[in-house]
1. With (1) loosely packed, with under 10 Cβ neighbours inside 10 Å; (2) under 12 Å from the mean Cα position of the chain (by Cα); (3) in a helix (DSSP H, G or I) as the list, and ALA21 as the residue in question, which single condition is left unmet?
2. In this structure, is MET100 in a loop (DSSP other than H, G, I, E, B), in contact (Cβ under 8 Å) with a residue 24 or more places away in the chain and not β-branched (Val, Ile, Thr)?
3. Specify which of the listed residues (GLU77, GLU58) is of a type outside the set (Ser, Thr, Tyr), at pLDDT 95 or above and loosely packed, with under 12 Cβ neighbours inside 10 Å.
4. In the stretch 28-51, what residues are surrounded by 13 or more Cβ atoms within 10 Å (Cβ to Cβ) and at pLDDT 95 or above?
5. Could you list all residues from the stretch 90-105 that are closer than 20 Å to MET30 by Cα, surrounded by 10 or more Cβ atoms within 10 Å (Cβ to Cβ) and not β-branched (Val, Ile, Thr)?
6. With respect to TYR99, is the statement that it is at pLDDT 95 or above and hydroxyl-bearing (Ser, Thr, Tyr) true?
7. In the stretch 61-105, how many residues are more than 24 Å from VAL50 (Cβ to Cβ) and among the aliphatic types (A, V, I, L, M)?
Amino acid sequence: MAKLNEFAKDYEPIATTKNIADLPSVSVDMELEDDSFEFTDKVTNLPKKVTQKVIRIEGETYRVPVSVIGQLKIILEDNPNLKNFKVKKSGTGKDDTKYMVIPLA
């Protein structure tokens, strides 16, 4: 058994999924993976499962919103040789967050 202060000094927070918009550049050749996690809904107190698409870079996991995938599809239709892009994010909450995919030369 450890003392609280000793445990707190050694505490490492559970890894969280970052967002693709946190990256300065993303290759279109990245492997897209399925990921899921469970949490307890604050309103209903029931467990809820979330599925998402992610990429992994240097041990970090980055969520790729479906809207980003849709925008990238449209860009690739006109520019099939695109190699890299970045994502700009605006908004703060689930309902008002918007993403913009920007092709990089």
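1. Of the numbered conditions (1) loosely packed, with under 10 Cβ neighbours inside 10 Å; (2) under 12 Å from the mean Cα position of the chain (by Cα); (3) in a helix (DSSP H, G or I), the odd one out for ALA21 is (1).
2. Working: in a loop (DSSP other than H, G, I, E, B): no; in contact (Cβ under 8 Å) with a residue 24 or more places away in the chain: yes; not β-branched (Val, Ile, Thr): yes.
For MET100, the condition - in a loop (DSSP other than H, G, I, E, B), in contact (Cβ under 8 Å) with a residue 24 or more places away in the chain and not β-branched (Val, Ile, Thr) - is not met.
3. Details: GLU58 fails: at pLDDT 95 or above.
When all the criteria are applied, what remains is GLU77.
4. First pass over the stretch 28-51, keeping only residues surrounded by 13 or more Cβ atoms within 10 Å (Cβ to Cβ): 28, 30, 35.
If the condition is that a residue be surrounded by 13 or more Cβ atoms within 10 Å (Cβ to Cβ) and at pLDDT 95 or above, then VAL28, MET30 are the ones that fit.
5. Those that are closer than 20 Å to MET30 by Cα, surrounded by 10 or more Cβ atoms within 10 Å (Cβ to Cβ) and not β-branched (Val, Ile, Thr): TYR99, MET100, PRO103, LEU104.
6. Numbers: at pLDDT 95 or above: yes; hydroxyl-bearing (Ser, Thr, Tyr): yes.
Considered against the rule, which asks whether it is at pLDDT 95 or above and hydroxyl-bearing (Ser, Thr, Tyr), TYR99 comes out as yes.
7. The first filter runs over the stretch 61-105 and keeps only residues more than 24 Å from VAL50 (Cβ to Cβ), leaving 74-86, 102-105.
Among the residues that remain, those that are also among the aliphatic types (A, V, I, L, M) are: 74-76, 82, 102, 104-105.
Going through the stretch 61-105 one residue at a time, the tally reaches 7.
The values are calculated or read from the model by the stated rules, or taken from the named source; none is laboratory data. Computed from a predicted structure; not experimentally measured. Every residue, glycine among them, receives a Cβ derived from its backbone with ideal geometry; neighbour counts consider all protein chains shown.
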